[in-house]
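Trainee: Structure below; questions to follow.
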Amino acid sequence: MRARLVAGNWKMHGSLATNRALLEALVAGVRGVECAVCVPFPYLAQAAERLRGTAIAWGAQNVSEFAQGAYTGEVSTAMLADLGCRYVLVGHSERRQLYGETDAQAAAKFAAAQGAGLRPIFCVGETLAERDAGRTEEVVARQLDAVLAHSKFGDAVLAYEPVWAIGTGRTATPQQAQEVHGFLRMRVGAATRILYGGSVKAQNAAAIFAMPDVDGGLIGGASLVAQDFLAICAAAQAKG
Ligand code: PGA
């Protein structure tokens with residue numbers, strides 16, 4: 001049985017003071033479900049410090065595909081591992097769309113992260129135009145196969161995040177999510193956790209998590225509000 005995971009993606013939000021309050025609330029409130037927060041680089045040490053010895057894991061939102069060297073502004077997998085980081089988001093659609101990350105680059109980051117002992121949370125998802133053109137499976141297969149050509153999934157996590165559902169308030173229906181998760185499941189096998197992401201809220205989480213191939217969520221906006229994130233964690237726990 002796959003253990004459910006709820007991962008928060010804080011994106012470029014937060015401050016020492018607001019993070020402190022949020023982390024306190026999560027430490028006090030998360031029970032009975034695996035949970036992680038992916039925080040901005042400058043706050044990794046703060047997360048490490050506060051979450052040490054708790055059940056909440058933490059991670060980064062991006063990482064370099066290169067081991068070290070003259071890559072100004074980049075952060076290596078070894079640095080994340082050095083801090084004790086467990087997770088790292090790889091191939092998030094905002095990285096792909098806003099920063100031009102390619103499938104090959106995302107696959108290289110995935111391999112580098114695994115090589116350093118980190119667990120990638122690898123994101124795939126189609127745009128609205130791609131969905132409307134009936135290309136959803138082709139797109140997510142292409143993104144995933146770039147990784148599978150070089151790496152085994154191992155204990156990495158897969159996240160299906162339809163681009164049209166991210167930050168838009170327009171979530172995929174549970175059936176739409178299950179269709180794609182079922183398709184991805186055939187490629188990664190029964191042991192890999194597949195999270196759904198894209199406008200997951202306290203109100204819709206339980207219905208999405210009830211789908212057989214949805215093993216939890218990757219939560220953006222709602223992960224910044226302790227009460228909302230805790231409600232989503234409770235919905236994941238309720239499933240099993
Ligand atoms: P959202 O973001 O929950 O705000 O839609 C999800 C994500 O981008 O990981």
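Trainee: Residues of segment 43-61 being without any contact (Cβ under 8 Å) to a residue 40 or more places away in the chain and of a type outside the set (A, V, I, L, M), which ones?
Mentor: Residues satisfying the conditions are Tyr43, Gln46, Glu49, Arg50, Arg52, Gly53, Thr54, Trp58.
Trainee: Which one of these does Gly167 not meet: (1) out of contact with any Cys (no Cβ under 6 Å at 6 or more places or on another chain); (2) at pLDDT 95 or above?
Mentor: Result: Gly167 fails condition (2) only.
Trainee: So how many residues does segment 77-91 have that are open to solvent by less than 10 Å² (accessible area, probe 1.4 Å), within 21 Å of Ala146 (Cβ to Cβ) and not in a strand (DSSP E or B)?
Mentor: 1
Trainee: Quick check: is even one residue across segment 155-172 more than 24 Å from Ala234 (Cα to Cα), surrounded by fewer than 22 Cβ atoms within 10 Å (Cβ to Cβ) and in contact with a strand residue (DSSP E or B) (Cβ under 9 Å, 6 or more places away or on another chain)?
Mentor: No, segment 155-172 has no match at all.
Trainee: From Gly189, Gly221, which residue is in contact with a Ser or Thr (Cβ under 8 Å, 6 or more places away or on another chain) and not aliphatic (A, V, I, L, M)?
Mentor: Of the residues listed, the single one that is in contact with a Ser or Thr (Cβ under 8 Å, 6 or more places away or on another chain) and not aliphatic (A, V, I, L, M) is Gly221.
Trainee: Taking segment 24-76, which residues are buried (at least 17 other Cβ atoms within 10 Å of the Cβ) and among the acidic types (Asp, Glu)?
Mentor: Glu34, Glu65
Trainee: Here's another thing I want to ask about it. Within segment 92-106, count every residue that is in contact with a helix residue (DSSP H, G or I) (Cβ under 7 Å, 6 or more places away or on another chain), open to solvent by 10 Å² or more (accessible area, probe 1.4 Å) and farther than 19 Å from Gly167 by Cβ.
Mentor: Residues flagged as in contact with a helix residue (DSSP H, G or I) (Cβ under 7 Å, 6 or more places away or on another chain), open to solvent by 10 Å² or more (accessible area, probe 1.4 Å) and farther than 19 Å from Gly167 by Cβ within segment 92-106 amount to 2.
Trainee: Also, I was wondering about something else. Return the pairs, sorted by first residue and then second, in which the second residue is of a type in the set (Val, Ile, Thr) and open to solvent by 10 Å² or more (accessible area, probe 1.4 Å), the first residue lies in segment 1-18 and is within 13 Å of the ligand (Cβ to nearest atom), the beta carbons are less than 7 Å apart, and the residues are 6+ apart or on different chains.
Mentor: Listed pairs, sorted by first residue: Val6/Val33.
Trainee: What pairs can you find where one residue is in segment 163-189 and without any contact (Cβ under 8 Å) to a residue 40 or more places away in the chain and of a type in the set (S, T, N, Q), the other is open to solvent by less than 30 Å² (accessible area, probe 1.4 Å) and part of a helix (DSSP H, G or I), and their Cβ atoms are less than 8 Å apart, with a gap of 6+ or different chains?
Mentor: Thr171/Ala165; Thr171/Ile208
Trainee: So which helices (runs of 4 or more DSSP H) are wholly in segment 108-227 and hold at least 1 residues that are more than 16 Å from the ligand (Cβ to nearest atom)? Full working, then the answer.
Mentor: On the way: elements: 128-132, 136-148, 174-188, 205-209.
Passing ranges, in order: 128-132, 136-148, 174-188.
The values are calculated or read from the model by the stated rules, or taken from the named source; none is laboratory data. The structure presented is a predicted model; accordingly, all values stated were derived computationally and were not measured. Backbone-built Cβ (ideal geometry, glycine too); neighbour counts: all protein chains shown. Ligands, DNA and RNA are stripped out before the accessible areas are found, and what is left, the full protein with its side chains, is counted by its heavy atoms. Shrake-Rupley method; radii C 1.70, N 1.55, O 1.52, S 1.80 Å.
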